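The values are calculated or read from the model by the stated rules, or taken from the named source; none is laboratory data. These numbers were taken from a predicted model, which means no experiment stands behind them. Ideal geometry is used to build each Cβ from the backbone, glycine not excepted, and the neighbour counts take in all protein chains shown.
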Amino acid sequence: MKEKQELLMIPGPIEFSPAVLNAMSRPTNSHVSPEFVACFGRCLERLGDLFLAPKYQSFILAGSGTLAMDVALSNLLEPDDGVLIVHSGYFSDRMRDIAELYGARVDVVSAETGSVPGPEDVQKALEKKDYKIVCITHVDTSTSVLADIKGISAVARKADALVVVDGVAAAGGAECRTEEWGIDIYLTASQKAVGVPPGLALLTVSPRALKVAAERTNPVPNYYASFTYWLPIMEAYQARKPAYFGTPAVNLVYALEVSLKEILEDEGLEERFIRHEKQGQAFRAGLRALGMQPLPAGEELCAPTLTAVYYPEGVSAALNAALAEEGVLVAGGLLPAIKGDYFRIGHMGYSGLLDLMGVLGGLERALIKCGYDAFSPGAALQACQKEYLALRGDV
Ligand code: PMP
(Lines give C-alpha, C1' and ligand atoms only; values in the text may rest on other atoms or scores of the structure.)
Protein backbone atom coordinates (compact mmCIF):
# COMPACT_ATOMS: atom_id res chain seq x y z
CA MET A 1 0.00 0.00 0.00
CA LYS A 2 1.10 3.58 -0.57
CA GLU A 3 2.43 5.02 2.69
CA LYS A 4 1.25 8.54 1.91
CA GLN A 5 -0.99 10.15 -0.62
CA GLU A 6 0.94 10.33 -3.85
CA LEU A 7 0.17 10.67 -7.52
CA LEU A 8 1.69 8.27 -10.04
CA MET A 9 2.08 10.64 -12.99
CA ILE A 10 4.64 8.72 -15.06
CA PRO A 11 3.70 7.82 -18.66
CA GLY A 12 2.37 4.43 -17.51
CA PRO A 13 1.54 2.60 -15.41
CA ILE A 14 -0.87 5.27 -14.29
CA GLU A 15 -3.42 5.64 -11.48
CA PHE A 16 -6.24 3.12 -11.88
CA SER A 17 -9.88 3.44 -10.89
CA PRO A 18 -11.01 1.77 -7.64
CA ALA A 19 -13.47 -0.42 -9.59
CA VAL A 20 -10.66 -1.68 -11.85
CA LEU A 21 -8.46 -2.42 -8.84
CA ASN A 22 -11.36 -4.25 -7.17
CA ALA A 23 -11.70 -6.53 -10.18
CA MET A 24 -8.04 -7.46 -9.75
CA SER A 25 -8.76 -8.85 -6.29
CA ARG A 26 -11.81 -10.96 -7.08
CA PRO A 27 -11.44 -14.75 -6.80
CA THR A 28 -9.71 -16.13 -9.88
CA ASN A 29 -11.78 -18.73 -11.68
CA SER A 30 -10.91 -21.19 -14.41
CA HIS A 31 -9.98 -19.71 -17.77
CA VAL A 32 -12.43 -22.17 -19.38
CA SER A 33 -15.35 -21.45 -17.02
CA PRO A 34 -18.48 -20.12 -18.75
CA GLU A 35 -18.27 -16.89 -16.71
CA PHE A 36 -14.69 -16.12 -17.78
CA VAL A 37 -15.20 -17.22 -21.39
CA ALA A 38 -18.17 -14.83 -21.65
CA CYS A 39 -16.17 -11.98 -20.10
CA PHE A 40 -13.24 -12.58 -22.49
CA GLY A 41 -15.65 -12.67 -25.45
CA ARG A 42 -17.25 -9.37 -24.42
CA CYS A 43 -13.80 -7.76 -23.98
CA LEU A 44 -12.79 -8.82 -27.50
CA GLU A 45 -15.96 -7.27 -28.91
CA ARG A 46 -15.60 -4.10 -26.86
CA LEU A 47 -12.01 -3.66 -28.01
CA GLY A 48 -13.51 -3.28 -31.49
CA ASP A 49 -15.43 -0.28 -30.09
CA LEU A 50 -12.35 1.11 -28.33
CA PHE A 51 -10.22 0.91 -31.45
CA LEU A 52 -13.16 1.95 -33.69
CA ALA A 53 -12.60 -1.19 -35.72
CA PRO A 54 -15.78 -3.28 -35.61
CA LYS A 55 -14.80 -5.46 -38.59
CA TYR A 56 -11.30 -6.21 -37.31
CA GLN A 57 -10.11 -9.11 -35.15
CA SER A 58 -9.10 -8.21 -31.59
CA PHE A 59 -6.42 -10.09 -29.66
CA ILE A 60 -5.91 -10.07 -25.88
CA LEU A 61 -2.66 -11.70 -24.77
CA ALA A 62 -0.83 -11.95 -21.47
CA GLY A 63 2.23 -9.77 -21.95
CA SER A 64 3.35 -6.16 -22.25
CA GLY A 65 3.28 -3.67 -25.11
CA THR A 66 6.55 -5.03 -26.46
CA LEU A 67 4.84 -8.39 -26.98
CA ALA A 68 2.13 -6.62 -29.01
CA MET A 69 4.87 -5.10 -31.22
CA ASP A 70 6.48 -8.52 -31.57
CA VAL A 71 3.13 -10.13 -32.47
CA ALA A 72 2.46 -7.55 -35.18
CA LEU A 73 5.82 -7.84 -36.92
CA SER A 74 6.51 -11.56 -36.45
CA ASN A 75 3.18 -12.49 -38.05
CA LEU A 76 3.46 -10.12 -41.02
CA LEU A 77 7.14 -10.18 -41.89
CA GLU A 78 9.11 -12.67 -43.94
CA PRO A 79 12.85 -12.45 -44.66
CA ASP A 80 13.79 -9.58 -47.03
CA ASP A 81 10.44 -7.81 -46.75
CA GLY A 82 10.79 -4.04 -46.79
CA VAL A 83 9.81 -2.06 -43.69
CA LEU A 84 9.68 1.72 -43.39
CA ILE A 85 9.95 3.07 -39.85
CA VAL A 86 8.49 6.54 -39.34
CA HIS A 87 10.81 7.66 -36.57
CA SER A 88 9.78 9.82 -33.63
CA GLY A 89 11.89 8.49 -30.74
CA TYR A 90 12.90 5.60 -28.51
CA PHE A 91 10.04 3.24 -29.38
CA SER A 92 10.57 3.68 -33.13
CA ASP A 93 14.05 2.24 -32.52
CA ARG A 94 12.47 -0.74 -30.77
CA MET A 95 10.18 -1.34 -33.76
CA ARG A 96 13.24 -1.18 -36.07
CA ASP A 97 15.11 -3.71 -33.90
CA ILE A 98 12.18 -6.14 -34.00
CA ALA A 99 11.80 -5.80 -37.79
CA GLU A 100 15.53 -6.43 -38.26
CA LEU A 101 15.37 -9.49 -36.00
CA TYR A 102 12.80 -11.01 -38.35
CA GLY A 103 15.09 -10.43 -41.34
CA ALA A 104 13.41 -7.38 -42.87
CA ARG A 105 15.19 -4.74 -44.97
CA VAL A 106 14.56 -1.71 -42.81
CA ASP A 107 14.69 1.95 -43.78
CA VAL A 108 14.02 4.81 -41.42
CA VAL A 109 12.50 8.16 -42.26
CA SER A 110 13.27 10.56 -39.46
CA ALA A 111 12.90 14.17 -38.36
CA GLU A 112 14.59 16.50 -35.86
CA THR A 113 14.19 15.63 -32.17
CA GLY A 114 10.78 16.90 -31.09
CA SER A 115 9.22 16.30 -34.46
CA VAL A 116 8.06 13.41 -36.63
CA PRO A 117 7.97 12.91 -40.39
CA GLY A 118 4.64 13.87 -41.95
CA PRO A 119 2.66 12.29 -44.79
CA GLU A 120 4.74 14.14 -47.47
CA ASP A 121 8.02 12.77 -46.07
CA VAL A 122 6.59 9.25 -46.00
CA GLN A 123 5.20 9.69 -49.51
CA LYS A 124 8.69 10.61 -50.77
CA ALA A 125 10.20 7.51 -49.18
CA LEU A 126 7.43 5.33 -50.64
CA GLU A 127 8.08 6.71 -54.14
CA LYS A 128 11.71 5.52 -53.98
CA LYS A 129 11.11 1.92 -52.87
CA ASP A 130 8.46 -0.71 -52.24
CA TYR A 131 7.66 -1.49 -48.63
CA LYS A 132 5.47 -4.23 -47.24
CA ILE A 133 4.91 -2.41 -43.94
CA VAL A 134 4.99 1.17 -42.70
CA CYS A 135 5.39 1.41 -38.90
CA ILE A 136 4.35 4.49 -36.96
CA THR A 137 4.41 5.27 -33.25
CA HIS A 138 1.18 7.15 -32.54
CA VAL A 139 2.62 8.89 -29.46
CA ASP A 140 6.29 8.33 -28.75
CA THR A 141 6.67 8.12 -24.97
CA SER A 142 10.25 9.38 -25.05
CA THR A 143 9.32 12.68 -26.72
CA SER A 144 5.51 13.09 -26.28
CA VAL A 145 5.38 13.73 -30.02
CA LEU A 146 2.07 12.90 -31.72
CA ALA A 147 2.27 11.51 -35.26
CA ASP A 148 -0.28 12.22 -38.00
CA ILE A 149 -1.28 8.57 -38.27
CA LYS A 150 -4.34 9.41 -40.37
CA GLY A 151 -2.32 11.24 -43.04
CA ILE A 152 0.55 8.74 -43.02
CA SER A 153 -1.80 5.75 -43.24
CA ALA A 154 -3.51 7.31 -46.25
CA VAL A 155 -0.25 7.60 -48.22
CA ALA A 156 0.94 4.17 -47.09
CA ARG A 157 -2.33 2.57 -48.18
CA LYS A 158 -2.05 4.25 -51.60
CA ALA A 159 1.36 2.60 -51.96
CA ASP A 160 -0.23 -0.71 -50.99
CA ALA A 161 1.77 -1.05 -47.78
CA LEU A 162 0.38 -2.49 -44.56
CA VAL A 163 0.19 0.04 -41.73
CA VAL A 164 1.24 -0.94 -38.21
CA VAL A 165 0.70 1.64 -35.47
CA ASP A 166 2.18 1.42 -31.98
CA GLY A 167 -0.57 3.00 -29.90
CA VAL A 168 0.84 1.97 -26.51
CA ALA A 169 1.00 5.55 -25.19
CA ALA A 170 -2.10 6.68 -27.06
CA ALA A 171 -4.93 4.11 -27.21
CA GLY A 172 -7.92 5.07 -25.11
CA GLY A 173 -6.79 8.71 -24.87
CA ALA A 174 -5.68 10.01 -28.29
CA GLU A 175 -8.11 9.88 -31.20
CA CYS A 176 -7.68 6.88 -33.47
CA ARG A 177 -10.27 5.70 -36.00
CA THR A 178 -8.45 2.50 -36.90
CA GLU A 179 -10.78 1.15 -39.59
CA GLU A 180 -11.70 4.49 -41.19
CA TRP A 181 -8.05 5.58 -41.32
CA GLY A 182 -6.95 2.32 -42.96
CA ILE A 183 -4.61 1.14 -40.20
CA ASP A 184 -3.95 -2.62 -40.43
CA ILE A 185 -2.69 -3.29 -36.93
CA TYR A 186 -3.20 -0.93 -34.02
CA LEU A 187 -1.56 -2.25 -30.88
CA THR A 188 -1.36 -1.23 -27.26
CA ALA A 189 -0.88 -2.41 -23.67
CA SER A 190 -3.17 -2.27 -20.67
CA GLN A 191 -1.24 -0.02 -18.31
CA LYS A 192 -1.71 3.36 -19.96
CA ALA A 193 -4.87 5.11 -21.16
CA VAL A 194 -6.68 1.75 -21.36
CA GLY A 195 -6.62 1.95 -17.56
CA VAL A 196 -5.71 -1.57 -16.39
CA PRO A 197 -2.56 -2.64 -14.46
CA PRO A 198 0.37 -3.87 -16.58
CA GLY A 199 0.17 -7.33 -18.17
CA LEU A 200 -2.10 -7.28 -21.22
CA ALA A 201 -0.99 -6.87 -24.84
CA LEU A 202 -3.94 -5.72 -26.96
CA LEU A 203 -4.20 -5.64 -30.74
CA THR A 204 -6.77 -5.08 -33.45
CA VAL A 205 -5.97 -6.58 -36.86
CA SER A 206 -7.53 -5.90 -40.28
CA PRO A 207 -8.85 -8.72 -42.48
CA ARG A 208 -6.14 -7.71 -44.99
CA ALA A 209 -3.37 -8.23 -42.42
CA LEU A 210 -4.86 -11.54 -41.26
CA LYS A 211 -4.86 -12.70 -44.90
CA VAL A 212 -1.19 -11.71 -45.33
CA ALA A 213 -0.35 -13.69 -42.17
CA ALA A 214 -2.40 -16.69 -43.28
CA GLU A 215 -0.76 -16.79 -46.73
CA ARG A 216 2.86 -16.54 -45.60
CA THR A 217 5.33 -18.95 -47.11
CA ASN A 218 7.42 -19.46 -43.96
CA PRO A 219 6.06 -20.35 -40.53
CA VAL A 220 5.90 -17.48 -38.00
CA PRO A 221 9.37 -17.52 -36.39
CA ASN A 222 7.93 -16.98 -32.92
CA TYR A 223 5.97 -19.60 -30.99
CA TYR A 224 4.06 -17.58 -28.35
CA ALA A 225 3.25 -14.66 -30.67
CA SER A 226 1.87 -16.65 -33.60
CA PHE A 227 -1.63 -15.97 -34.94
CA THR A 228 -1.62 -19.66 -35.96
CA TYR A 229 -2.22 -20.55 -32.32
CA TRP A 230 -4.02 -17.46 -31.05
CA LEU A 231 -6.56 -16.75 -33.79
CA PRO A 232 -8.60 -19.93 -33.12
CA ILE A 233 -8.56 -19.10 -29.41
CA MET A 234 -9.91 -15.58 -29.96
CA GLU A 235 -12.55 -16.93 -32.34
CA ALA A 236 -13.60 -19.55 -29.80
CA TYR A 237 -13.96 -17.00 -26.98
CA GLN A 238 -16.00 -14.76 -29.29
CA ALA A 239 -18.30 -17.76 -29.92
CA ARG A 240 -18.42 -18.17 -26.09
CA LYS A 241 -16.65 -21.52 -26.34
CA PRO A 242 -13.79 -22.57 -24.03
CA ALA A 243 -10.40 -22.97 -25.67
CA TYR A 244 -6.78 -23.17 -24.58
CA PHE A 245 -3.38 -22.30 -25.95
CA GLY A 246 -1.72 -20.37 -23.10
CA THR A 247 -3.41 -19.43 -19.82
CA PRO A 248 -4.91 -15.95 -20.08
CA ALA A 249 -4.32 -13.34 -17.34
CA VAL A 250 -7.76 -14.00 -15.83
CA ASN A 251 -8.00 -11.13 -13.32
CA LEU A 252 -6.53 -8.61 -15.74
CA VAL A 253 -9.23 -9.56 -18.24
CA TYR A 254 -11.93 -9.00 -15.60
CA ALA A 255 -10.33 -5.64 -14.86
CA LEU A 256 -10.25 -4.86 -18.59
CA GLU A 257 -13.99 -5.38 -18.85
CA VAL A 258 -14.52 -2.89 -16.01
CA SER A 259 -12.23 -0.33 -17.60
CA LEU A 260 -13.79 -0.72 -21.05
CA LYS A 261 -17.20 -0.05 -19.47
CA GLU A 262 -15.83 3.08 -17.79
CA ILE A 263 -14.32 4.28 -21.07
CA LEU A 264 -17.12 3.41 -23.48
CA GLU A 265 -20.25 3.75 -21.33
CA ASP A 266 -19.53 5.98 -18.34
CA GLU A 267 -17.29 8.53 -20.07
CA GLY A 268 -17.82 7.86 -23.80
CA LEU A 269 -14.96 7.48 -26.26
CA GLU A 270 -15.48 10.78 -28.11
CA GLU A 271 -15.78 12.67 -24.81
CA ARG A 272 -12.62 10.93 -23.63
CA PHE A 273 -10.64 12.05 -26.70
CA ILE A 274 -11.83 15.62 -26.08
CA ARG A 275 -11.01 15.47 -22.35
CA HIS A 276 -7.46 14.32 -23.07
CA GLU A 277 -6.99 17.12 -25.65
CA LYS A 278 -8.27 19.82 -23.30
CA GLN A 279 -6.46 18.69 -20.18
CA GLY A 280 -3.19 18.33 -22.12
CA GLN A 281 -3.54 21.83 -23.57
CA ALA A 282 -4.40 23.35 -20.18
CA PHE A 283 -1.48 21.55 -18.53
CA ARG A 284 0.96 22.87 -21.14
CA ALA A 285 -0.36 26.40 -20.57
CA GLY A 286 0.51 25.90 -16.90
CA LEU A 287 4.04 24.73 -17.72
CA ARG A 288 4.63 27.66 -20.06
CA ALA A 289 3.56 30.08 -17.32
CA LEU A 290 6.55 28.74 -15.35
CA GLY A 291 8.85 29.44 -18.31
CA MET A 292 9.06 25.74 -19.20
CA GLN A 293 9.11 24.49 -22.78
CA PRO A 294 7.52 21.22 -23.94
CA LEU A 295 9.85 19.05 -26.06
CA PRO A 296 7.56 18.75 -29.12
CA ALA A 297 8.43 21.41 -31.69
CA GLY A 298 4.89 22.76 -32.02
CA GLU A 299 1.49 22.63 -30.32
CA GLU A 300 0.11 20.39 -33.11
CA LEU A 301 2.86 17.85 -32.30
CA CYS A 302 1.99 17.65 -28.59
CA ALA A 303 0.39 14.40 -27.44
CA PRO A 304 -2.82 14.58 -25.43
CA THR A 305 -1.69 11.69 -23.19
CA LEU A 306 1.71 12.80 -21.85
CA THR A 307 4.11 15.72 -21.87
CA ALA A 308 7.89 15.73 -22.15
CA VAL A 309 9.18 19.11 -20.94
CA TYR A 310 12.64 20.66 -20.63
CA TYR A 311 13.91 21.65 -17.20
CA PRO A 312 14.12 25.42 -16.90
CA GLU A 313 17.51 27.17 -16.91
CA GLY A 314 19.63 26.14 -13.92
CA VAL A 315 17.40 23.24 -12.88
CA SER A 316 18.37 19.57 -13.27
CA ALA A 317 16.98 16.11 -12.63
CA ALA A 318 17.09 16.92 -8.88
CA LEU A 319 13.69 18.45 -9.61
CA ASN A 320 12.17 14.96 -9.98
CA ALA A 321 13.25 14.04 -6.45
CA ALA A 322 11.92 17.34 -5.10
CA LEU A 323 8.62 16.65 -6.88
CA ALA A 324 8.49 13.17 -5.35
CA GLU A 325 8.82 14.81 -1.92
CA GLU A 326 5.71 16.79 -2.83
CA GLY A 327 3.94 13.49 -3.57
CA VAL A 328 4.12 13.69 -7.37
CA LEU A 329 5.96 10.92 -9.23
CA VAL A 330 7.16 11.76 -12.73
CA ALA A 331 9.59 10.07 -15.14
CA GLY A 332 13.02 11.26 -16.26
CA GLY A 333 14.17 11.80 -19.86
CA LEU A 334 14.56 8.77 -22.10
CA LEU A 335 16.27 9.91 -25.31
CA PRO A 336 19.98 9.17 -24.66
CA ALA A 337 21.30 12.39 -26.27
CA ILE A 338 19.19 14.74 -24.11
CA LYS A 339 18.22 12.44 -21.24
CA GLY A 340 19.32 14.86 -18.52
CA ASP A 341 17.62 17.89 -20.06
CA TYR A 342 13.95 16.98 -19.67
CA PHE A 343 11.36 14.94 -17.80
CA ARG A 344 7.97 13.42 -18.57
CA ILE A 345 4.52 13.56 -17.05
CA GLY A 346 1.73 11.14 -17.99
CA HIS A 347 -1.83 12.50 -18.12
CA MET A 348 -4.01 9.76 -19.41
CA GLY A 349 -6.80 7.45 -18.43
CA TYR A 350 -7.98 7.85 -14.86
CA SER A 351 -5.68 10.87 -14.36
CA GLY A 352 -7.57 14.06 -15.07
CA LEU A 353 -7.47 17.81 -14.55
CA LEU A 354 -7.72 17.36 -10.79
CA ASP A 355 -4.43 15.46 -10.80
CA LEU A 356 -2.78 17.87 -13.23
CA MET A 357 -3.61 20.83 -11.00
CA GLY A 358 -1.95 18.82 -8.20
CA VAL A 359 1.12 18.28 -10.40
CA LEU A 360 1.41 21.98 -11.22
CA GLY A 361 1.08 22.93 -7.54
CA GLY A 362 3.75 20.41 -6.58
CA LEU A 363 5.95 21.53 -9.46
CA GLU A 364 5.88 25.15 -8.31
CA ARG A 365 6.94 24.12 -4.78
CA ALA A 366 9.63 21.76 -6.11
CA LEU A 367 11.04 24.42 -8.46
CA ILE A 368 11.30 26.90 -5.60
CA LYS A 369 13.09 24.23 -3.55
CA CYS A 370 15.53 23.79 -6.45
CA GLY A 371 16.27 27.54 -6.47
CA TYR A 372 14.16 28.49 -9.50
CA ASP A 373 11.64 31.16 -8.65
CA ALA A 374 11.15 33.10 -11.90
CA PHE A 375 7.38 32.99 -11.46
CA SER A 376 4.86 34.14 -8.94
CA PRO A 377 3.40 31.27 -6.88
CA GLY A 378 0.10 30.10 -8.33
CA ALA A 379 1.01 31.27 -11.87
CA ALA A 380 0.93 27.77 -13.33
CA LEU A 381 -2.37 26.91 -11.68
CA GLN A 382 -3.89 30.16 -12.86
CA ALA A 383 -2.73 29.68 -16.46
CA CYS A 384 -3.97 26.09 -16.51
CA GLN A 385 -7.32 27.11 -15.05
CA LYS A 386 -7.73 30.00 -17.52
CA GLU A 387 -6.88 27.81 -20.51
CA TYR A 388 -9.20 25.04 -19.37
CA LEU A 389 -12.13 27.39 -18.76
CA ALA A 390 -11.58 28.99 -22.18
CA LEU A 391 -11.42 25.57 -23.87
CA ARG A 392 -14.61 24.51 -22.14
CA GLY A 393 -16.25 27.74 -23.29
CA ASP A 394 -17.01 28.89 -19.72
CA VAL A 395 -15.22 32.25 -20.07
N1 PMP B 1 5.65 1.62 -27.32
C2 PMP B 1 5.44 2.74 -26.62
C3 PMP B 1 5.04 3.97 -27.35
C4 PMP B 1 5.57 2.74 -25.23
O5 PMP B 1 5.35 3.84 -24.53
C6 PMP B 1 5.95 1.55 -24.57
C7 PMP B 1 6.10 1.50 -23.06
N8 PMP B 1 6.48 2.65 -22.45
C9 PMP B 1 6.16 0.42 -25.34
C10 PMP B 1 5.98 0.49 -26.70
C11 PMP B 1 6.56 -0.87 -24.71
O12 PMP B 1 5.55 -1.30 -23.87
P13 PMP B 1 5.87 -2.25 -22.61
O14 PMP B 1 6.76 -1.48 -21.71
O15 PMP B 1 4.49 -2.47 -22.02
O16 PMP B 1 6.49 -3.47 -23.14
When you go through 194, 220 one by one, which is the residue that is within 16 Å of the ligand (Cβ to nearest atom), β-branched (Val, Ile, Thr) and either in contact (Cβ under 8 Å) with a residue 40 or more places away in the chain or within 30 Å of residue 346 (Cβ to Cβ) (or both)?
194
Consider residue 92 carefully, then state whether it is under 19 Å from residue 301 (Cβ atoms), in contact with a strand residue (DSSP E or B) (Cβ under 7 Å, 6 or more places away or on another chain) and assigned to a helix (DSSP H, G or I).
yes
Can you report the number of residues in region 208-257 which are in a loop (DSSP other than H, G, I, E, B) and either closer than 30 Å to residue 180 by Cα or not charged (D, E, K, R) (or both)?
22
Working only within region 66-87, note down all residues that are surrounded by fewer than 24 Cβ atoms within 10 Å (Cβ to Cβ), within 16 Å of the ligand (Cβ to nearest atom) and small (Gly, Ala, Ser).
74
Kindly list the number of the only condition in (1) more than 16 Å from the ligand (Cβ to nearest atom); (2) crowded, with 24+ Cβ neighbours inside 10 Å; (3) hydrophobic (A, V, I, L, M, F, W, C); (4) under 12 Å from residue 82 (Cα atoms) that fails for residue 161.
(2)
Going through (1) within 16 Å of the ligand (Cβ to nearest atom); (2) within 18 Å of residue 258 (Cα to Cα) one by one, residue 39 fails only at (1)
Go through (1) within 17 Å of the chain's Cα centre (by Cα); (2) surrounded by fewer than 24 Cβ atoms within 10 Å (Cβ to Cβ) one by one and return the number of the condition residue 202 breaks.
(2)
Sole residue being more than 26 Å from residue 293 (Cβ to Cβ) and either within 11 Å of the ligand (Cβ to nearest atom) or at pLDDT below 95 (or both), chosen from 169, 201, 147:
201
For residues in region 47-89 being touching a Gly at 6+ places or on another chain (Cβ under 7 Å) and assigned to a strand (DSSP E or B), which is farthest from residue 150 (Cα to Cα)?
62
Just a yes or no: is a residue in region 13-22 surrounded by 22 or more Cβ atoms within 10 Å (Cβ to Cβ), within 16 Å of the ligand (Cβ to nearest atom) and touching a residue at least 12 places away in the same chain (Cβ under 8 Å)?
yes
Filter region 174-190 for residues that are assigned to a loop (DSSP other than H, G, I, E, B) and within 12 Å of the ligand (Cβ to nearest atom); which is surrounded by the most Cβ atoms within 10 Å (Cβ to Cβ)?
190
Test for residue 110: is it within 12 Å of the ligand (Cβ to nearest atom) and of a type in the set (Ser, Thr, Tyr):
no
Answer with yes or no whether residue 99 is aliphatic (A, V, I, L, M), within 16 Å of the ligand (Cβ to nearest atom), in contact with a strand residue (DSSP E or B) (Cβ under 7 Å, 6 or more places away or on another chain) and within 19 Å of residue 168 (Cβ to Cβ).
yes
Applying the selection to region 256-284, what residues are closer than 17 Å to residue 22 by Cα, over 18 Å from the mean Cα position of the chain (by Cα) and hydrophobic (A, V, I, L, M, F, W, C)?
258
Any residue in region 37-65 that's surrounded by fewer than 22 Cβ atoms within 10 Å (Cβ to Cβ): show its pairings with residues that are of a type in the set (Asp, Glu) and not in a helix (DSSP H, G or I) at Cβ separation under 8 Å, as long as the two are six or more apart or on different chains.
52/179; 52/180; 54/179; 55/179
Scanning region 321-334 for residues that are touching a Phe, Trp or Tyr at 6+ places or on another chain (Cβ under 6 Å) and surrounded by 14 or more Cβ atoms within 10 Å (Cβ to Cβ) gives 330, 333, 334
